[in-house]
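The values are calculated or read from the model by the stated rules, or taken from the named source; none is laboratory data. No experiment lies behind these values; they were computed from the predicted model shown. Cβ: placed from backbone, ideal geometry, glycine included. Neighbour counts: every protein chain shown. Heads up: the accessible areas ignore ligands, DNA and RNA and are worked out on the full protein's heavy atoms, side chains in. Shrake-Rupley method; radii C 1.70, N 1.55, O 1.52, S 1.80 Å.
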Amino acid sequence: MGRAFVYVILGGGVAAGYAALEFTQRGISHGELCIISEEPVVPYERPALSKGFLLPEDPARLPSFHTCVGANEERLTPKWYREHGIELVLGTRVKSADVRRKTLLTATGETISYKILIIATGAQALKLEEFGVSGSDAENVCYLRDLADATRIVNVMQSCAGGDAVVIGGGYIGMECAASLVINKINVTMVFPEAHCMARLFTPKIASYYEDYYKSKGVKFIKGTVLSSFEMDSSGKVTAVNLRDGSQLPADMVVVGIGIRPNTSLFEGQLTLEKGGIKVNGRLQSSNSSVYAVGDVAAFPVKLFGETRRLEHVDSARKSARHVVAAIMEPDKTGEFDYLPFFYSRVFTFSWQFYGDNVGEIVHYGDYSGGTFGAYWVSKGQLVGSFLEGGTKDEYEAIAKATRLKPEIEDLAELERQGLGFALAVSRKPPPSAPLEVSSPALILERPLYAWHATAGVVVAASIVAFAYWYGRRRRRW
């Protein structure tokens, strides 16, 4: 038993939804595209799971956050997929893939073949067992990666209102879930081994600002240690968390956010891997010309920095998905994926955005007492990264543009003095005019054309006068 399609998207996350929309906008025929997903629902915007979905009042629920509402585009409901002739194979796990034969074998025994495969398998949450701690299967230990996980968190929160929650991990998931737990009136303690929250991105000064606010909301921070074991009751429910430093924390629920691992196992030994993901070129094409990869699972060349990276953020998933469809359907009109790394978060009343790379010297600016503030990263004399909290739409666009332009920075003190104004000024500068090419490949004009015209006119006029004088003298000789 089997089915055949022109295009197959393996994975039903954010990237699948955006790729499906791009395929339809580029005119694929009914029956050409198939999406295979382990989840039982059509693609949705995952950021909602750690934000609106966990709110105690008027929480976000499907179908309100199906893709592609996160980019202010169409909401792709199951009806939309039917109307566009897209085959959905939901609640189905693919147990093996053969890229040479272009086939996928599902857990139900069905073989699905393709001409072009887009791998959008995303990543899975790292489990405590991978670090030598058992207890992930306890009913009040939660992870957050998909809709089922978020639903479980909601149910556990409702069963322990006013109780104690321990959040393991100080990254994206930890910070966003901690905020949601506080809003649900649950006492929160965060535990992580780093010196401050969001250690992969934040500077100590930026982290301190957010940590102080979280503390004002009752959140406690325990840093420099990790979970070592759980205390359980007779029913297998966690009652306390034991830390490596010897301390113990009471716990009515535990949320674990300690990182992710890309889902590449189906393709190990068949495709080239790098940075933990599937290595692709600027067209997002893997080492097999019929296979492409997007989102968290793809390791792609970031042109701005001249190196291959794998980025774990929804913006990368959305944009790489749309680009790969363009590269597949109109290869002659589509250039290489030129992505500016972008991360953002919105918790409590905060909203920050980061663009570029957080390497080099750091310049902080703005009002760290509660207003708009940010930071720049300068490497090898160029601006390479920008962070801004509390900005306007125009200000966020300005730091993005400035980061992409990579302007030269000579004076860090002056950059600090200008602060956000520097990015605003750089973003408003007109782009440098490109040299004007003329028919002679050896001649490039950078001056205005009228100057060249004037010079040419003088030369031509002089030539005519000289010819006339010479011709007249010859005639007199005849």
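Details
- The residues of region 287-307 that are assigned to a loop (DSSP other than H, G, I, E, B) and open to solvent by less than 10 Å² (accessible area, probe 1.4 Å) amount to a single one, VAL294.
- Test result for ALA240, farther than 24 Å from VAL154 by Cα, of a type in the set (Gly, Ala, Ser), modelled with pLDDT of 95 or more and open to solvent by less than 50 Å² (accessible area, probe 1.4 Å): no
- Considered as a group, the residues in region 236-278 that are among the charged types (D, E, K, R) and assigned to a loop (DSSP other than H, G, I, E, B) include one that is nearest to VAL188 (Cα to Cα), and that residue is ASP252.
- Residue count, region 342-369 (criterion: closer than 23 Å to GLY306 by Cα and of a type in the set (D, E, K, R)): 2
- One residue alone among ARG82, ARG61 is free of Cβ contacts under 8 Å to residues at least 12 places away in the same chain, part of a helix (DSSP H, G or I) and either out of contact with any Gly (no Cβ under 7 Å at 6 or more places or on another chain) or hydrophobic (A, V, I, L, M, F, W, C) (or both), and that residue is ARG82.
- Within the set LEU284, LEU249, LEU271, LEU311, the sole residue that is crowded, with 19+ Cβ neighbours inside 10 Å and either of a type in the set (Ser, Thr, Tyr) or more than 21 Å from the chain's Cα centre (by Cα) (or both) turns out to be LEU271.
- Residues being free of Cβ contacts under 8 Å to residues at least 60 places away in the same chain and basic (Lys, Arg) - total across region 236-277: 2
- Residue-level check: of (1) within 27 Å of the chain's Cα centre (by Cα); (2) under 15 Å from GLY257 (Cα atoms), THR151 misses just (2).
Quick grid of which residues meet (1) open to solvent by less than 20 Å² (accessible area, probe 1.4 Å); (2) of a type outside the set (S, T, N, Q); (3) within 19 Å of ILE116 (Cα to Cα); (4) part of a loop (DSSP other than H, G, I, E, B):
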{"residue": "TYR7", "(1), (2), (3), (4)": "no, yes, yes, no"}
{"residue": "PHE23", "(1), (2), (3), (4)": "yes, yes, yes, no"}
{"residue": "CYS34", "(1), (2), (3), (4)": "yes, yes, yes, no"}
{"residue": "PRO40", "(1), (2), (3), (4)": "no, yes, no, yes"}
{"residue": "LEU49", "(1), (2), (3), (4)": "yes, yes, no, no"}
{"residue": "PHE53", "(1), (2), (3), (4)": "yes, yes, no, no"}
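- Criterion (open to solvent by less than 50 Å² (accessible area, probe 1.4 Å) and either among the charged types (D, E, K, R) or more than 23 Å from VAL94 (Cβ to Cβ) (or both)) met by exactly one of GLY257, GLY277: GLY257
- In summary, ASP332 fulfils each of the numbered conditions (1) surrounded by fewer than 22 Cβ atoms within 10 Å (Cβ to Cβ); (2) touching a strand residue (DSSP E or B) at 6+ places or on another chain (Cβ under 8 Å); (3) in a helix (DSSP H, G or I) with the single exception of condition (2).
- Residues in region 89-128 that are open to solvent by 50 Å² or more (accessible area, probe 1.4 Å), farther than 30 Å from GLY171 by Cβ, outside any strand (DSSP E or B) and of a type outside the set (Lys, Arg): ALA107, THR108.
Results for (1) assigned to a strand (DSSP E or B); (2) open to solvent by less than 30 Å² (accessible area, probe 1.4 Å); (3) free of Cβ contacts under 8 Å to residues at least 40 places away in the same chain, shown as yes or no for each residue.
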| residue | (1), (2), (3) |
| --- | --- |
| ALA317 | no, yes, no |
| SER320 | no, yes, no |
| VAL324 | no, yes, no |
| ILE328 | no, yes, no |
| SER345 | yes, yes, no |
| PHE354 | yes, yes, no |
| VAL359 | no, no, yes |
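- Test result for LEU383, over 30 Å from LYS217 (Cβ atoms) and either part of a strand (DSSP E or B) or open to solvent by less than 10 Å² (accessible area, probe 1.4 Å) (or both): yes
- Test result for GLU57, acidic (Asp, Glu) and surrounded by 17 or more Cβ atoms within 10 Å (Cβ to Cβ): no
- Listed by first and then second residue, the pairs linking a residue in region 379-394 that is more than 20 Å from ASP411 (Cα to Cα) to a residue that is open to solvent by 10 Å² or more (accessible area, probe 1.4 Å) and among the charged types (D, E, K, R), with Cβ atoms under 7 Å apart and 6 or more places separating them unless they lie on different chains, are LEU388/GLU395.
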